[in-house]
Amino acid sequence: MSANKDGDGGWKSFIWNSDKKEFLGRTGGSWFKIFSFYVIFYGCLAGIFIGTIQAMLLTLSNYKPTYQDRVAPPGLSHTPRPDKAEISFTIGKDETYEAYVSHMGEFLKAYNDEKQEDSSKFEDCGDIPKTYTERGELESTDGVRKACRFNRDLLKECSGKADDQFGFREGKPCLIVKLNRIVNFRPRPPASNDSIPEAARPNFQNHLIPIHCSTKKRKPISSDRSNTSG
């Protein structure tokens, strides 16, 4: 320290010593050397960090995950999604199922005709289910792949067009099941009807994956007309 706070000049001399041309005890050359050192030091650290990130990004794809071994079996998601593990409501009491109805309506809005008008993203694939449409390799330069337009009428009474309550009012609620998309995974329907529950066999079609649902509690509906489905 070039000046003593308790000596001649006090703290003012410590901040700026006009005799030795020192600021906070260091000359301009000393401050320049310290500043240059830390600029180079942190610049090298930033360069190493940026280089590491860039090297990692070169190994990643913009279209698919590098490793897919953690999600071998695809999951199913359903709508509506209750707070608990089962869907329960009481027939005749709208407040017990209005949240389910609202969730169904919000989910299906994405499949309205006006939401699928962009011809650069959607195309008509017909109303009859068929085999997969080949759209090229994921790593190609074709840009955004088009998706088939989904007509809500395919859901029949669960489309929400004829019945905006989705069957909850009559005690026959609709449940929309969606298969989570996994890159390079192509589900195949059963080769025979032997593995399909008998109740689902009349509705089985080619190029469709049958899903059979049943109530969790197999007992007659009680007198208060409470209905549980899950």
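The values are calculated or read from the model by the stated rules, or taken from the named source; none is laboratory data. A quick note: this is a predicted structure, and the numbers were derived from the prediction, not measured. Neighbour counts run over all protein chains shown; Cβ positions are idealised from the backbone, glycine included.
Could you list, in sequence order, the residues of the stretch 170-188 that are in contact with a Phe, Trp or Tyr (Cβ under 8 Å, 6 or more places away or on another chain), in a loop (DSSP other than H, G, I, E, B) and under 29 Å from R201 (Cβ atoms)?
Quick first cut of the stretch 170-188, residues in contact with a Phe, Trp or Tyr (Cβ under 8 Å, 6 or more places away or on another chain) only: 173-174, 176, 183, 186.
Next, only the ones that are in a loop (DSSP other than H, G, I, E, B) stay: 173-174, 183, 186.
Answer for the stretch 170-188, where residues must be in contact with a Phe, Trp or Tyr (Cβ under 8 Å, 6 or more places away or on another chain), in a loop (DSSP other than H, G, I, E, B) and under 29 Å from R201 (Cβ atoms): P173, C174, R186.
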Scanning the stretch 197-212 for residues that are under 31 Å from the mean Cα position of the chain (by Cα) and among the hydrophobic types (A, V, I, L, M, F, W, C), the one nearest to I176 (Cα to Cα) turns out to be I211
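Grab the helices (runs of 4 or more DSSP H) fully contained in the stretch 1-120, keeping just those with 2 or more residues being modelled with pLDDT under 85. Write out each step before concluding.
Values: elements: 10-15, 28-57, 98-108.
Once the helices (runs of 4 or more DSSP H) in the stretch 1-120 are filtered for at least 2 residues that are modelled with pLDDT under 85, what remains is 10-15, 28-57.
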Cβ-Cβ under 7 Å, sequence separation 6+ or interchain: first residue in the stretch 172-184 and under 14 Å from I211 (Cβ atoms), partner aromatic (F, W, Y) and surrounded by 13 or more Cβ atoms within 10 Å (Cβ to Cβ). Which pairs?
C174/F166; I176/F107
Taking into account only those residues within the stretch 180-196 that are surrounded by 10 or more Cβ atoms within 10 Å (Cβ to Cβ) and over 28 Å from T66 (Cα atoms), which is nearest to the chain's Cα centre (by Cα)?
P190
